[in-house]
Structures are given as C-alpha cells and as structure tokens.
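Data first, discussion second: the structure below is written as structure tokens.
Every number here is computed from the coordinates shown, using simple stated rules; none is lab data. Only a predicted model underlies this, so the values are computations on that prediction, with no experimental measurement involved. Every residue, glycine among them, receives a Cβ derived from its backbone with ideal geometry; neighbour counts consider all protein chains shown.
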Number of protein chains: 2
Amino acid sequence: MKFGGTSVADLDRIAAAAERVRQEAAAGHAVAVVVSAMAGETNRLVGLVEKCSSLYDTREYDTVTAAGEQVTAGLMALALQRMGVDARSWLGWQIPFLTDGVHGKARIRDIDTRLLARNFDEGRVAVVAGFQGLSPQNRITTLGRGGSDTSAVALAAALGAARCDIYTDVNGVYTTDPRIVPQARKIDRISHEEMLEMASLGAKVLHTRSVGLAMNHGVRLRVLSSFTTDPGTLVVGEDEILEEKIVTGIAYSADEAKITLVGIPDCPGVAARIFGPLAAVAVNVDMIVQSASPDGQFVSMTFTTPRADSALAMKTLEDNRESINYDKLLLDNKVAKVSVIGAGMRSHPGVAETMFATLAEKGINIQGIATSEIKISTLIAAEYAELAVRSLHDAYGLETAAA
Amino acid sequence: MKFGGTSVADLDRIAAAAERVRQEAAAGHAVAVVVSAMAGETNRLVGLVEKCSSLYDTREYDTVTAAGEQVTAGLMALALQRMGVDARSWLGWQIPFLTDGVHGKARIRDIDTRLLARNFDEGRVAVVAGFQGLSPQNRITTLGRGGSDTSAVALAAALGAARCDIYTDVNGVYTTDPRIVPQARKIDRISHEEMLEMASLGAKVLHTRSVGLAMNHGVRLRVLSSFTTDPGTLVVGEDEILEEKIVTGIAYSADEAKITLVGIPDCPGVAARIFGPLAAVAVNVDMIVQSASPDGQFVSMTFTTPRADSALAMKTLEDNRESINYDKLLLDNKVAKVSVIGAGMRSHPGVAETMFATLAEKGINIQGIATSEIKISTLIAAEYAELAVRSLHDAYGLETAAA
C-alpha cells in the first residue's frame, strides 16, 4: 500500500491512511506500507537546498530531502500502533534498498527482503520510507521524480506481492481527463502497456517509470483514492484482461512545441547532425517527421518537444546552423498531442480512420502523426485540443462502454 | 565545532557558521562540525509525534526527531562546499555513533572514528548530525536533552581533538547571570569541576551531561557566541589554570521547592523510607538536612526539589505517610538556591564566612546549607535571590578580578 503526499498531508490523513492499513492487516494480509513525504515537505526541503547552494552536491541534496519520508514513516508507524496494529518504520538504509550511486535519480539495484520477511513472520506491518535508498558508498540516495511510486512497485516485485495499491487523490484512471470530458468513465482494468501510454501522454495518476517497472516485473497495480471507497483501477498484464476494448482512452498533452527545419540539403547524416546536439543538452524529442521537397534536393525536418525544452532546443539548433546547413528554423509553441490508446487496436483495423475522420469533421488540421501498436498520436493546434479530446471520446463511444 | 539551534536557525546563520568553519579549516586544522536541528524544528517534530500518539514508541520518536539534525547536516555541508571547502555530511548511523538501545535518551557506547579519520586524511571537513546514534538493533537513537553538546564532546574525546568549541548565543560563561548583575564579568578560563557546578546550578550555557563527559575524558571546551568575535570561555582541566581564583562565580537557581517532614520518630531507616519512594517516581532531590528535636525523640527532614517536581513529591509523601510516620508535611514553593563556586576555596578558608556575613548583613535568613569541595550553597527565600547574588558578587570582588 503506497500513500502519496496528499494522502499523508497531515496527522488526520495519516490516521485515515493507517485505518486502511489496519483493515488490510486485520484481513490477514502481510502488509508493507510505502509513504511519501507530507505534502509540501519535499518542496520545502528542496527549497532550502536550492537557496543554500545553486550548484549543489546531489549527495547532500539526498541527505536533506530523504528526511521528509523518514518523518512520515515514523508517524505512520505511530498511528498504526495507536490503533493496536504492530508496526515499525524502515528507512531505505535499514532494509536496505540498494541503489546505484547516481544521487538525485538513483536506480534500484536490489532490495534485500530478508529483514522484512522476518518482520512479516512476526506479524508486523512494515512502514517503508519511499523515495530513498542506499548507495554503494553507504550514503542516502533518492530515486527522483515519481520516486515513492517506484519504491512501492520495486518492493512489491521483490516481495512477490499479490498487489501494489497506489493511494492517491483520484478515484483511478479515466478514459480521458474528466475536467475536459465530464462523461469520462473510470476504467476498471487496464493493461500495463496501455497505462504506460496513458501515463506518458499526460494522465498524471502514475509516473511512467513505476508503470514500466510494474510491467517488466508483472506487478499488479491498483490505483485508488485515499478519500473515497471506490475500488479504483487495476493495472494488470494483458492476460488478465478477458475482453480487450478496442480503444481504452484518449490522452492528450497540451504542453508541446513543434520545431521545423526547412531547406536542408538531402544527404546522409542529416538526422544525426540535428538530433545529436539536442541529445547532448538533454532535450526530449518526440514525433519526428521528415519530408522531402518536390524536387528531392532538400528535406525539412519537424519534431516536437516539451514546451519547457523549446528555448534550449532553438538555441542549440541556431548554434549548430552551419553543421546542419538548414535554410529556416520555425517554432510553433502552440501545439498539442492527442492520442487514442487501446490494446485492441492491434487486431481491429479502422481505429485510425475513425480518428482522422472525426478530426476532419471538426475542421481540425493534423500536423503530424505517430503510431505504435496500441496508440495513434496526432499533433494539432493547441486551441483545438479540448474539442479533439471531446469529439474522439464521443466517436469511440467511451462514455457508454461496458466495464 | 558545535553549532546549536539558534546558530543554524536559518540559511543566513548556517552560512555565517560555515564561514567560521572555513576559517578554521583554512588555518590548517582538521575540523569536525556537529550541528543541531534548526531552531524550532525539533519542537515541530516532537509536536507531530505527540499529537500522533500520546504513548508513543520511542523508536519511532527517534526516527522522526533525528530528521532535524539530518537536514542541518546536509545544508551545512552544502554551505561549506559553496565557499570552496571540501565537506560532507555524516549521519549517526554512517559513522557509526554506537549507543545503547534506550531510545529517546540513549547513551553513547563507542564512536568508530575510522571512516572519519579517512575523511580527514582526504582534507575534508566532516559535518556530523548531532543528537543521534545507532542502536544495537540498527535503529536510530537520540541522546535526549543536551544531546548535540554530548555528541560534540564525545566525538572530540574519540578523535582526541585539541578542542571542542561550543557555539551558542552567549559570549561565554559569566561570573553570574548578567541580567541580575550587569557588572558580571565573562570568565576566560574555568575548570571542568567549576563549570559542572555552574551548569548544575542554573548557568544554562552548557548541559551538565556534556560538561561531565568533557571532565571525564579531559576534553578542552570553549564556549563562545556565533554572533560575536569574543573568544569566549575555555573550560579546561585544573592543571591548565595557572592561578586559581578563590571564587569563580555565583550561581543561583530560583526554581526550587523546599519540603519539610516534621515529627518523625527517630529510628534507623528514616531516610530510606522517605527517599526510596521519591526515587521510585524519579523526583530529583537535593540539599537534604536532618535535624533532631530538643528531646532527641523526633527528627525533622528538609530537602529541596525542582519546583516542577514538588507536586509529585508531596503526593508521594502523603501516599507513604503511614510507613514514614511523620506528624506534619510542609511545602515552601518560594525558595532559591544561591551558590558560591571556586576551586580555590579548597585552600582558602574564610569563603563560607564571607558568604554568611554578607547574607546576614542584608537581613537574609539562611534556611539550609550544603557544601562541596568547591561550592557552598545556601537556601534562602526566593524574593531575596537577586539581592543575594548581587551582594555576593560584590563581596567577592568578582567584577574587578583580573582575567
């Protein structure tokens, strides 16, 4: 059971979360609880570090920020004890949660479960501080963005847990963003692959890293709310999904920028000369489209990048103008990516046609297309994003689909 | 170098403390820095624990509260690095600072200095989180009241440090409380024994526990302010004090209560029947005076206790009235203890006479007397405490004494 920052934001919420743990333990299950820092605490600690030193040593950053989860772990253990549940806190270094030495975004190498196994044998709930591990140099590491989700999934995998329940502030995963489409329906079951596409396209419920980890280790996830009794959404292997839906959901990302390089002489190595320098400065690139001029002598290259990266991308391309040898450089900061996701589309042709027809009907111009086995993404003007999501949700009949 | 909570209360103060460390390191010294939690942080964390659970598991209490020093240690290391000083943080479990398993008030058993020695060999400043250690069960312990001072002194002893500098918010140790006697003079050197008496009698600069530890291990202490350039007070062995002053200082404690049991039949075991039950409920007892009635058949027993303990002491004595068999029980909550301290009084008679004469001259009645080799304490009515301190400070010429 993993509780995020809003689920442990104050002592009342910690008590409410502890009550859910108590019920699971009372049902006879061995329970490991992974906790985040209390909402706002990590930001406070990061703020102290950043104000203290702009170019900070990430080892000290980790020492400072890991304190947030340490506090919650102790408080959660106390809240459980008060309810008569035998519980103790475990810090990353006590288990240990062995990671590499890449501070600030460490990767888990191994979780030693022997001490925890003894803990469970003694009928005790293990309260584990999320987000943190131990480096080969015996120092505290943190796991970076989505760290506590990753802790929970990795621990579930190491323990061979029947399920990893991620408690958050939403009821589960929806067919699309309910703020845009009020008729959006909560999904009862979704495959890891579909969830990964949803997560990578802006459905903020789970971090892609933890979904990928769950997929690779076959960990059954449940996403549910700390504040309701809704059973949430199960994220499982495809083998557990009896009847695949053709389309599971519509995801979108409004924070995209489109960059186009025009008039590049067509010769081998163009892509490498463009994307090499961008990779070197860690600009994320997505949806690359290359097109040739009518006479075949020149090509143009279009790609998307998160809007936050666009200034750095433009500067990098300007700096490399000579080596790339383009004629013009264009930036459109007002584009959105809208995607249709569904494992069933592998065996059902026609999904793409429905998408294109729906967008055309609404007069929405498609500026780019990218596809995977279970996803079709289109790039459109940002102002049409919400209209596109609503129309597609309707076109695939998602609000009426059976569970 | 140990910095208390007010010396690391915010990032500016941490930077100022780091600058002092930088100067010591630049002078070629190997420096270990022990830090407390930022002022107010330990209270915040203790508040969370106490609100979470009234009868809390002290192991979890320690896990939560130790986070405060962890944060400061990381921030101090970062502040030093920003100044170009090679530094790293060390948590109690990393060194390790081995303690017993008495959580909340653990005692240090051993400090393994091998990793720190390597740290110094590499020219690095070690920033050590105070107040915390590691239990035999591999869990975080905290050292209780005055914990960070104790950490610093114990570490200085283990490292064989030339000096342990305790940075606080006062300039050093004074001949008496400057709020009462504005002419009070800062003491340049004082022996451990004298300091121990000063500390136990209300001079709040150092905790008795750390002074006792320093005395037992011959650690040279320096008490000085983070906020001035005053060199502070050196607390050293008597062998380092060339010319002992007869009287070093006047200490007082205004928070005393006097309890008297009247009319106890004089037979063996009276004291045990009185003080046994008080010890069992952890009432602190000081200045015991037994006096006999004129006919020798009855005795009365008077003792002092911190005012905070007086209600518990009275209730315990009432509960044990039958076994003690006293006639009357009297409480005076308005007494003060005023003490004259000086290692030189061992070899100079007449110090007590001066004290008694001075108090008599001011019409102050002495309700009890206790002496040690280097201290004479008198119990007087609380309303006379300030007058007594001022008169004695004057009588022993403390404001004019040479350094």
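The modelled label-to-label distance between B:GLU50 and B:ALA16, using points 7 Å beyond Cα along the C-beta direction, is 2.9 nm.
Taking every alpha-carbon pair under 8 Å whose residues sit at least 6 apart, region B:180-266 reaches a relative contact order of 35 percent. Ordering A:MET215, B:MET38 by the number of other Cβ atoms within 10 Å of each residue's own Cβ, fewest first, gives A:MET215, B:MET38. Computed from the Kirkwood radius of its Cα pairs, the Stokes-Einstein diffusion coefficient for region A:322-366 at 4 °C and 1.567 mPa s stands at 93 µm²/s.
The mean number of Cβ atoms from other chains found within 10 Å of a Cβ in peptide A:75-87 is 4, as a whole number. Taking every alpha-carbon pair within the protein assembly as shown, the share separated by more than 50 Å comes to 36 percent. Based on alpha-carbon atoms, the Kirkwood radius and the radius of gyration of chain A give Rg/Rh equal to 1.02.
Here the simple spin-label model places points 7 Å from the Cα toward Cβ, and for A:ASP110 and A:ALA282 these points are separated by 2.9 nm.
Each of A:ILE369, A:ILE108, A:ILE140 was scored by other Cβ atoms within 10 Å of its Cβ. Arranged with the fewest first, they read A:ILE369, A:ILE108, A:ILE140. Treating r as the C-beta distance of A:ALA308 and A:GLU24 and R0 as 45 Å, the FRET efficiency rounds to 0.70.
Mean silhouette area of region B:22-74, derived from the convex hull of its C-alpha atoms and averaged over all directions, reads 4.5 nm².
Sorted from nearest, the other copies put their A:ASN216 label points 5.2 nm away, the label point being 7 Å from Cα in the direction of Cβ.
Over region B:36-110, the fraction of Cα-Cα pairs per 5 Å bin, rounded to whole percents and listed from the shortest bin up, is 3, 14, 20, 21, 19, 13, 6, 3, 1, 0. The chain A residue nearest the rotation axis shared with chain B, using its Cβ and rounding the distance to whole Å, is A:ALA67, 2.
Look at B:LEU91, B:LEU242, A:LEU359 and count the other Cβ atoms within 10 Å of each Cβ; fewest to most, that gives B:LEU242, A:LEU359, B:LEU91. Restricting the calculation to Cα atoms, region A:250-395 shows an Rg/Rh of 1.01 when the hydrodynamic-style radius is the Kirkwood one.
Each DSSP beta bridge with both residues in the protein assembly as shown is either parallel or antiparallel, and the antiparallel ones are about 70%. Per residue, the convex hull spanned by the Cα atoms of region A:173-311 measures out at 181 cubic angstrom. Peptide A:55-67 is shielded by partner chain Cβ atoms: per residue, an average of 6 of them sit within 10 Å of its Cβ. Considering helices alone, the calculated mean residue ellipticity of chain A at 222 nm is -10500 deg cm²/dmol, with DSSP H runs of length four and up weighted by -39500 (n - 2.57) and normalised per residue.
Cα centroid separation, region A:355-403 to region B:306-334: 83 Å. Region A:181-252 and region B:208-248 have Cα centres spaced 65 Å apart. So if we plug the beta-carbon distance of B:ASP188 and B:LEU329 into 1/(1 + (r/R0)^6) with R0 = 60 Å, what FRET efficiency do we get, rounded to 0.05? For B:ASP188 and B:LEU329, the calculated efficiency is 0.80. Cross-link reach is defined here as a Cα-Cα straight distance under 26 Å, omitting same-chain residues fewer than 8 places apart; for A:LYS204 the lysines meeting it are A:LYS2, A:LYS105, A:LYS186, A:LYS245, A:LYS258, A:LYS334, A:LYS337, A:LYS375.
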